[in-house]
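The values are calculated or read from the model by the stated rules, or taken from the named source; none is laboratory data. Here the structure is a predicted model, which is why all the values come from computation and not from measurement. When we count neighbours, we look across all protein chains shown, and the Cβ atoms used for this are built from the backbone with ideal geometry, even at glycine.
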Amino acid sequence: MFDLNKIVRPNILKLEPYSSARDEYQGDAAVLLDANESPYGNGLNRYPDPYQRELKVAIAPSKGVRDNQIFLGNGSDEAIDLLFRIFCEPGVDNVIVNPPTYGMYKVSADINNVQVKEVSLTQDYQLNVPAIIDATDDNTKLIFICSPNNPTGNDIEWKDIMVLADNFDGIVIVDEAYIDFSSAPSTTRLVDEYPNLVVLQTFSKAWGLAGIRLGMAIASPQIIRLFNKVKPPYNVDTFSQRMALQAVQEPTVKMEYVGKILALRAEVEQALQDIDEVLEIKPSSANFLLVKVRSPKLLYNFLANLNIIVRNRSNVPGCEGCLRITIGSEEQNGLLLAAIRKFNDNAVKESSVLN
Ligand SMILES: *Cc1c(COP(=O)(O)O)cnc(C)c1O
């Protein structure tokens, strides 16, 4: 049986969190002399709301959750780091990741001196549920699942996520950074049913707001309370909160962005299929394509020389021969495709010279 208090680090459970000036007084008095702020400045002289209340109230309905089920942080990367600091005793506890996947889970684990157990995805990039359950022990605190997965682009099966959440007494994290590009539903609708589920989302991809560094964790109010205890008091700045609030209030903008990128993804996919250099395009539920090519390193360098930068994943086990290509604007995609065609034609010419 899942018992949150049993898996939280004891020092965090008994932590007396920092109480900021804005914790102790939350009204809007005219004379605020409690936080050593400057009375001068261009509207940014006051500390931001430490709990981003207005923003969370605006976000909650679109996620089908309550505002006390949302944590907002300096990118999802902050949420990932906080999960380690809340649940994992350095040098004692361990976590499970499912490669090939997002590299930040392991980096965050390494920073926190937490052991990582790797259980590779299956051939079709799904969870190897029996192997994951086998790999857990009494000190396993977190299982990281990325869906749609980066860099493979596919959705992870819901039933597998549910089986893991049912059979694991630690925290199951579903990183949904790319969920807006997927036709699969978000697992946020499972958080009421599964008290050990934490869903991560971000403003960095579909919303077009990577620059404001805003990510979120959606979970039970009890887990969110732990995030709030451990996070730096003013972790999301005023400007980011304002920009995100504006974006959330005009959701059609994001929907238009997503619609355009999905259409462009289909175009790029189709164009790539006709190029001999391209061996395979993995099915994608995200804003990128994982593409297997004949000569990944040569093609990567050829593109880089033309100032077109893609991600070389060809050395990653499970992604042999693959480049990860983000879907750009119509113009950027056109330049990319023209360059790949040129590389392809050069390769054809060279091989005919050799023959
Ligand atoms: C891009 C990405 C994120 C986003 O991280 P932020 O810190 O919110 O920018 C999270 N998870 C995955 C898998 C990603 O690819």
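For the stretch 197-243, which positions are of a type in the set (Phe, Trp, Tyr) and either farther than 25 Å from Gly259 by Cβ or at pLDDT below 95 (or both)? Break it down stepwise before answering.
Initial filter on the stretch 197-243 (of a type in the set (Phe, Trp, Tyr)): 203, 207, 227, 234, 239.
Of everything in the stretch 197-243, those that are of a type in the set (Phe, Trp, Tyr) and either farther than 25 Å from Gly259 by Cβ or at pLDDT below 95 (or both) turn out to be Phe227, Tyr234, Phe239.
With respect to the numbered conditions (1) assigned to a loop (DSSP other than H, G, I, E, B); (2) of a type outside the set (Lys, Arg); (3) under 17 Å from Asp237 (Cα atoms), which one is the sole condition not fulfilled by Met1?
Unmet condition: (3).
A quick yes/no check of all residues on (1) within 15 Å of the ligand (Cβ to nearest atom); (2) outside any helix (DSSP H, G or I); (3) closer than 21 Å to Ala177 by Cβ:
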residue: Asn45; (1), (2), (3): no, yes, no
residue: Ile59; (1), (2), (3): yes, no, yes
residue: Ser62; (1), (2), (3): no, no, yes
residue: Asp81; (1), (2), (3): yes, no, yes
residue: Phe84; (1), (2), (3): yes, no, yes
residue: Pro90; (1), (2), (3): no, yes, no
residue: Tyr102; (1), (2), (3): yes, yes, yes
residue: Ser108; (1), (2), (3): yes, no, yes
residue: Lys117; (1), (2), (3): no, yes, no
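Out of contact with any Leu (no Cβ under 7 Å at 6 or more places or on another chain) and either within 18 Å of Gly75 (Cβ to Cβ) or assigned to a loop (DSSP other than H, G, I, E, B) (or both): does that describe Asp134?
So Asp134 does not fit the description; no.
Within the stretch 257-274, does at least one residue satisfy the condition of being more than 30 Å from Arg22 (Cβ to Cβ), in contact (Cβ under 8 Å) with a residue 12 or more places away in the chain, of a type in the set (Gly, Ala, Ser) and outside any helix (DSSP H, G or I)?
Keep residues of the stretch 257-274 that are more than 30 Å from Arg22 (Cβ to Cβ), which gives 257-274.
Applying the additional criterion that residues be in contact (Cβ under 8 Å) with a residue 12 or more places away in the chain yields 257-258, 261-262, 264-265, 267-269, 271-272.
Remaining after also requiring of a type in the set (Gly, Ala, Ser): 271.
Next cut, outside any helix (DSSP H, G or I) only: none.
For the stretch 257-274, residues more than 30 Å from Arg22 (Cβ to Cβ), in contact (Cβ under 8 Å) with a residue 12 or more places away in the chain, of a type in the set (Gly, Ala, Ser) and outside any helix (DSSP H, G or I): absent.
How many residues are surrounded by 21 or more Cβ atoms within 10 Å (Cβ to Cβ) and among the basic types (Lys, Arg) when one looks only at the stretch 74-98?
Residues that pass the stated criteria total 0.
Kindly establish whether Thr136 is away from the ligand (no atom under 15 Å from the Cβ), surrounded by fewer than 24 Cβ atoms within 10 Å (Cβ to Cβ), among the β-branched types (Val, Ile, Thr) and in contact (Cβ under 8 Å) with a residue 40 or more places away in the chain. Steps first, please.
On the way: away from the ligand (no atom under 15 Å from the Cβ): yes; surrounded by fewer than 24 Cβ atoms within 10 Å (Cβ to Cβ): yes; among the β-branched types (Val, Ile, Thr): yes; in contact (Cβ under 8 Å) with a residue 40 or more places away in the chain: yes.
Here the answer is yes, as Thr136 does meet what is asked.
Go through the residues of the stretch 196-204 one by one and say whether even a single one is part of a strand (DSSP E or B) and either away from the ligand (no atom under 16 Å from the Cβ) or of a type in the set (Ser, Thr, Tyr) (or both). Lay out the reasoning, then the answer.
Keep residues of the stretch 196-204 that are part of a strand (DSSP E or B), which gives 197-202.
Now restrict to residues that are either away from the ligand (no atom under 16 Å from the Cβ) or of a type in the set (Ser, Thr, Tyr) (or both): 197, 202.
Yes, because at least one residue in the stretch 196-204 is part of a strand (DSSP E or B) and either away from the ligand (no atom under 16 Å from the Cβ) or of a type in the set (Ser, Thr, Tyr) (or both).
What is the one condition in (1) in contact with a helix residue (DSSP H, G or I) (Cβ under 9 Å, 6 or more places away or on another chain); (2) away from the ligand (no atom under 12 Å from the Cβ); (3) at pLDDT 95 or above that Glu250 does not satisfy?
Here Glu250 meets the rest and fails (1).
For residues that are assigned to a loop (DSSP other than H, G, I, E, B) and farther than 18 Å from Val65 by Cβ, scanning just the stretch 207-219, find the one that is farthest from the ligand (Cβ to nearest atom). Spell out the reasoning first.
Looking only at the stretch 207-219, we keep the residues that are assigned to a loop (DSSP other than H, G, I, E, B), and these are 207-209, 213-214, 219.
When the remaining residues are screened for being farther than 18 Å from Val65 by Cβ, the result is 208-209, 213.
Numbers: Gly208: 12, Leu209: 9, Arg213: 7 Å.
Going through the qualifying residues, I end up with Gly208.
Just to check your reading of the model, which residue among Leu245, Leu226 is buried (at least 18 other Cβ atoms within 10 Å of the Cβ) and in a helix (DSSP H, G or I)? If you could, list the steps in order and put the result at the bottom.
Values: Leu245 fails: buried (at least 18 other Cβ atoms within 10 Å of the Cβ).
None of the others qualify; the one that does is Leu226.
Give the stretch 276-290 a look and list any residue that's crowded, with 17+ Cβ neighbours inside 10 Å, over 21 Å from the mean Cα position of the chain (by Cα) and either in contact (Cβ under 8 Å) with a residue 24 or more places away in the chain or farther than 21 Å from Ala177 by Cβ (or both), or say none.
Glu277, Val278
Read through the list (1) under 28 Å from the mean Cα position of the chain (by Cα); (2) in contact (Cβ under 8 Å) with a residue 40 or more places away in the chain, then give the number of the only condition that Leu44 fails.
With respect to (1) under 28 Å from the mean Cα position of the chain (by Cα); (2) in contact (Cβ under 8 Å) with a residue 40 or more places away in the chain, Leu44 is out only on (1).
Does Lys229 qualify as being of a type in the set (Lys, Arg), over 20 Å from the mean Cα position of the chain (by Cα) and farther than 23 Å from Ile327 by Cα? Reasoning before the result, please.
Numbers: of a type in the set (Lys, Arg): yes; over 20 Å from the mean Cα position of the chain (by Cα): yes; farther than 23 Å from Ile327 by Cα: yes.
For Lys229, the condition - of a type in the set (Lys, Arg), over 20 Å from the mean Cα position of the chain (by Cα) and farther than 23 Å from Ile327 by Cα - is met.
So how many residues does the stretch 145-173 have that are within 13 Å of Val199 (Cβ to Cβ), away from the ligand (no atom under 11 Å from the Cβ) and either β-branched (Val, Ile, Thr) or surrounded by 24 or more Cβ atoms within 10 Å (Cβ to Cβ) (or both)?
Residues in the stretch 145-173 being within 13 Å of Val199 (Cβ to Cβ), away from the ligand (no atom under 11 Å from the Cβ) and either β-branched (Val, Ile, Thr) or surrounded by 24 or more Cβ atoms within 10 Å (Cβ to Cβ) (or both): 4 in total.
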